[in-house]
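To start, the structure under review is shown below, and the notes come after it.
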Amino acid sequence: MPQSAPGPAKTVFDDLLDHNKDYAKRFDLGHLQTPPIKKLVILTCMDSRMDLEQMLGLSVGDAHMIRNAGGIATEDVIRSLILSTQLLGTRAIAVIQHTQCGLMSITDEEFRWRLSTDTGRDASHLRFHAFHDVDQTVADQVLRIRQNPFLPKQVQVRGYAYDVTTGSLREIAVS
């Protein structure tokens, strides 16, 4: 009897769908509303070492979470913050960046050159927001958010640095 050819290798996407089938069978969060329970929105890095719920004692539904490379208050992040505050009633914004961020290992110029070299396309218009000082970058993001005229003035905005080696969170003073 001939052996059948092996099927395609299972991918990470297959694993996600398999897990979701089990999750959907026991799903019990359909009652949650869109506005976050704690009226909180968190802007942070996409770094996979940061489990925000575990790190901050949050549960599903407690906060809006916006993640991007570096936890930078880009134009699109500001758009999301405006919607979160003006439409959904959030009243506190936490900016959390972290030690050993990948954006600290490059400069925008170096990365644009690398992209142009690797792809053969012009990357001179791209901005990656590389930085070298976590405290200063947190402060810059907090100020950018506070100064946006479309965000309610009563919204509290505070900044923090997370240490990926110790798990500790430290507030950054921003005047």
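Putting +1 on Lys and Arg Cβ atoms and -1 on Asp and Glu Cβ atoms, find which of Ser80, His98, Thr117 reaches farthest to the positive end of the dipole of region 69-117. Value: Ser80.
The convex hull defined by the C-alpha atoms of region 1-103 has an orientation-averaged projected area of 10.6 nm².
Based on Cα coordinates alone, diagonalise the gyration tensor for region 46-110, multiply each eigenvalue by 5, take square roots, and list the semi-axes in whole Å, largest first. All intermediate terms of the calculation are to be shown ahead of the outcome.
Working: eigenvalues 113, 60, 11 Å².
Values for region 46-110, descending: 24, 17, 7 Å.
Report the residue, chosen from Leu143, Leu40, Leu126, that carries the largest GNM mean-square fluctuation when the chain is represented by alpha-carbon nodes joined by springs under 10 Å. Highest fluctuation among the options: Leu126. Of the chymotrypsin sites (Phe, Trp or Tyr not before Pro) in region 77-172, the ones in a loop by DSSP (not H, G, I, E or B) with at most 11 other beta carbons within 10 Å are Phe150.
Ranking of Met65, Met55, Met50 by solvent-accessible surface, largest first: Met65, Met55, Met50 (1.4 Å probe, protein heavy atoms only, all chains present). Counting 0.36 nm for each residue step from Arg67 to Asn148 and taking away their Cα separation leaves a gain of 27.2 nm.
When Lys and Arg each count +1 and Asp and Glu each count -1, what net charge do the other residues less than 14 Å away from Pro35, Cβ to Cβ, add up to?
Numbers: positive: Lys38, Lys39, Arg91; negative: Asp62.
Net of charged neighbours comes to +2.
Shown for region 1-89: the carbon plus sulfur share of the solvent-accessible area, taken with all protein chains present and a 1.4 angstrom probe, equals 58%. Simple spin-label estimate for Lys21 and Ser80 gives 3.1 nm between the two label positions (7 Å along the Cα-to-Cβ direction from each Cα). Taking the Cα centre of region 75-175 as reference, the dipole from Cβ charges on Lys and Arg (+1) and Asp and Glu (-1) amounts to some 480 debye.
Please sort by residue number the chymotrypsin sites (Phe, Trp or Tyr not before Pro) in region 1-105 whose DSSP state is loop and whose Cβ has at most 15 other Cβ atoms within 10 Å.
Details: sites: Phe13, Tyr23, Phe27; in loops: Phe27.
Taking region 1-105 and a limit of 15 other Cβ atoms within 10 Å, the loop chymotrypsin sites (Phe, Trp or Tyr not before Pro) found are Phe27.
In this structure the chain gives 66 Å² per residue of accessible area when probed at 1.4 Å with all protein chains present. The average projected area of region 6-64, computed from the convex hull of its Cα atoms over all directions, is 6.1 nm². Give me the accessible area of Asp51, 1.4 Å probe, in Å² rounded to the nearest 10. Around 70 Å² of this residue is reachable by solvent.
Overall dimensions of region 69-145, expressed as equivalent-ellipsoid semi-axes from the Cα gyration tensor (√(5λ), whole Å, largest first), are 28, 16, 8. Pairs of alpha carbons in the chain separated by more than 20 Å make up 63% of all such pairs.
The values are calculated or read from the model by the stated rules, or taken from the named source; none is laboratory data. Everything quoted here is computed from the prediction, not taken from an experiment. Glycine also receives a Cβ, built like all others from the backbone with ideal geometry; neighbour counts cover every protein chain displayed. For accessibility, only protein heavy atoms count, side chains too; no ligands or nucleic acids. Shrake-Rupley method; radii C 1.70, N 1.55, O 1.52, S 1.80 Å.
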